[in-house]
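The values are calculated or read from the model by the stated rules, or taken from the named source; none is laboratory data. Computed from a predicted structure; not experimentally measured. For neighbour counting, all protein chains shown are included, and Cβ atoms are generated from backbone atoms with ideal geometry for every residue, glycine included. For the accessible areas, the whole protein counts, side chains as well, though only heavy atoms, and no ligand, DNA or RNA atoms are used. Shrake-Rupley method; radii C 1.70, N 1.55, O 1.52, S 1.80 Å.
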Amino acid sequence: MKFYNREKELLKFNEVLQQSRKEAKMTVLMGRRRIGKTELSLRCGDTTVLYFFVGKKTEALLCQDFVSEIQRKLEVPIMGPPKSFSDVFSFLLQLSESRPFTLIIDEFQNFLKVNPAVFSDIQRDWDLHKGKSRLNLIISGSVFTLMKRIFEDYEEPLFGRANEMMTLQPFTTDVLKQILNDFNPDYTPEDLLALYGITGGVPWYVSLLLDKGKTRKEDMLAALTEENSPFINEGKNILIEEFGTDYVTYFSILTCIANGMKTRQEIENELGYNNIGSYLVKLENYYKIIKKSLPIFAPQNSKKVRYVLSDSFLIFWFRFFYKYQALVENRALKALADIVRRDYDSVSGQMMERYFMQKFEEKGRYIVGKWWDRKGESEIDLIVVDPIGKEAWIYELKKQDYRYREALLQAKVDKVLEQTSELRKMKIHLGSLSLKDM
């Protein structure tokens, strides 16, 4: 798959590259696995780029790899094998004083397991040489919690050292449509919804499907459970390093949320736990894997809290692969494929709702949300508010637009207006959105 989007990030990379020709600059690029950090970094715009991957090896073996890359790209002699990464880094900082270049250090958080002292060494060498150095340093990592800690915890050595902090996001809805159209100009809205629901716009997942010609909903769903499908263990691969040995409890909570249990009480009842509050707080505030959702314009202390998964792909993975892990472990993939086909519709409605919410949020002009009453008996799928123009669009979401009934929506709107004074001040428009509007 060709390279799509990322214009803003590439513009920023080019800007920092030019600045680094006067004084060394450090850019930190974060984002979940498979989001395209490496590909983007390699397109930084420099003519000379060193790429260091921090694998889970000893520091000595890593240094051997790094020296080989230096000799291959820069063709400079290095006297004797370096004893530490500090030796390599200090050498490159001083070399760039007369010969500017870009250094990419990928999966940087792995230094925590290799040698945590590396961070202090980098701080010392950076502070000592950056004024004269002309190194364009790009540091990337996929374990979000560790990268945030390394660069944003004021007690850590590298706190405040980065000139730019960038978090790479999945493809926007418009870009995802463009990509699917490039691969299949005759795609249907169902095909687009399936691509969005399965991949969440994550480039690697999109490429896995489309590069193999899986451009139709049925083919995409079938690809998930093929023999040796990388989707099968992907959720576990992403999250176990984040959660460590406590992953079972976190996975159980996330499975409940993926299966439509939205409140703390519903999750506790399902799991038989008395108190999951601390886990929910960490999932929301530390790991950033779930989001706390409130009815639009509800106060932050409202008791109408619901929880949703932040990552669309993980909804799909927990709903099918983790929930039916016994089938996965026994390689009963044909049975799992039948379940995916059977139950897909129970997920696709939720994915369509996420799609439209994201589509309006991407415009950067609206307050976007939902509304529900305390008992959960009355609910509005989507409310889009223009705070400047004082207008609000209230939508019912139906896959087929013929199922929309304005009178039923109006009855719900009457309730929300009774309880939401902010909306009473606005011009209200009612309508529906369906697959054909995607």
Entries of Lys8/Lys292; Lys236/Lys288; Lys73/Lys130; Lys148/Lys262; Lys282/Lys334; Lys214/Lys288 with Cα pairs more than 25 Å apart: Lys8/Lys292; Lys148/Lys262; Lys282/Lys334; Lys214/Lys288
Length-normalised contact order for the chain - Cα pairs under 8 Å, 6+ apart - percent: 13
Degrees separating the helix 59-74 axis from the principal Cα axis of the chain, which is the longest one: 80
Between segment 48-84 and segment 382-438, the Cα center-to-center distance that results, in Å: 59
Rounded if a/c under 1.5, otherwise prolate or oblate - segment 215-366, Cα gyration tensor axes: oblate
Segment 46-131: equivalent-ellipsoid semi-axes (sqrt of 5 x gyration tensor eigenvalues, Cα, Å): 19, 15, 12
Three-way shape call for segment 271-314 based on the alpha-carbon gyration tensor, with the a/c threshold at 1.5: oblate
Solvent exposure, largest accessible area first (probe 1.4 Å, DNA, RNA and ligands not counted), of Val88, Val368: Val368, Val88
Listed residue (Ser84, Leu158, Pro100) projecting farthest to the positive dipole end of segment 82-166, Cβ model: Pro100
Accessible area, probe 1.4 Å, largest first, for residues Glu268, Glu97: Glu97, Glu268
Computed over segment 81-229, Kirkwood Rh from alpha-carbon pairs, angstrom: 18.6
Per-residue ³J(HN,Hα) for segment 36-44, Karplus 6.51 cos²θ - 1.76 cosθ + 1.60, θ = phi - 60°, Hz, x for Gly and Pro: x, 5, 5, 4, 5, 4, 5, 9, 5
Virtual spin-label span in nm between Ala222 and Glu75, 7 Å along Cα→Cβ: 5.2
Rounded Å value of the spacing that divides the Cα centres of segment 18-38 and segment 100-144: 11
Fully extended contour minus Cα-Cα distance, from Trp204 to Ala60, at 0.36 nm per residue: 48.7 nm
Assigned charges on the beta-carbon of Lys, Arg, Asp, Glu; the chain dipole about Cα centre (debye): 540
Nearest-ten-degree value, helix 7-20 long axis tilted from longest Cα axis of the chain: 20
Rounded to the nearest 10 Å², the accessible area of Tyr287 at probe 1.4 Å: 30
Highest to lowest packing among 151-163, 125-137, scored as the average C-beta count within 10 Å: 125-137, 151-163
Percent carbon-and-sulfur accessible area, segment 160-238, ignoring ligands, DNA and RNA, probe 1.4 Å: 42
Principal axis dimensions, largest first and in whole angstrom, of segment 1-149 by Cα: 43, 33, 28
Order of exposure, largest accessible area first, which applies to Leu146, Leu42 with probe 1.4 Å: Leu42, Leu146
Part-to-part distance (alpha-carbon centres) for segment 325-346 and segment 176-243, which is given in Å: 16
Partner lysines for Lys12 [C-alpha distance under 19 Å; skip if fewer than 8 residues away on the same chain]: Lys22, Lys25, Lys37
Under 12 Å, Cβ to Cβ, from Val76 - net charge with Lys/Arg +1 and Asp/Glu -1: +1
Helical contribution to [θ] at 222 nm, DSSP H n ≥ 4, -39,500 (n - 2.57), averaged over the chain, rounded to 500: -13500 deg cm²/dmol
For segment 347-438: Kirkwood Rh in Å [reciprocal of mean 1/r, alpha carbons]: 13.6
With all protein chains modelled, accessible area of Asp174 [1.4 Å, Å²]: 100
From phi via Karplus (6.51, -1.76, 1.60), per-residue ³J(HN,Hα) for segment 371-379 in Hz, x at Gly/Pro: 8, 8, 8, 5, 7, x, 8, 10, 9
Overall dimensions of the chain by Cα: Rg and Dmax, Å: 24.5, 80
Fraction of beta bridges assigned by DSSP in the chain that are antiparallel (%, nearest 5): 35
Amide H partners (placed H, <5 Å) of Trp371, local residues excluded: Ile296, Ile380
Cα-Cα separations in segment 230-308 greater than 19 Å, expressed as whole percent: 38
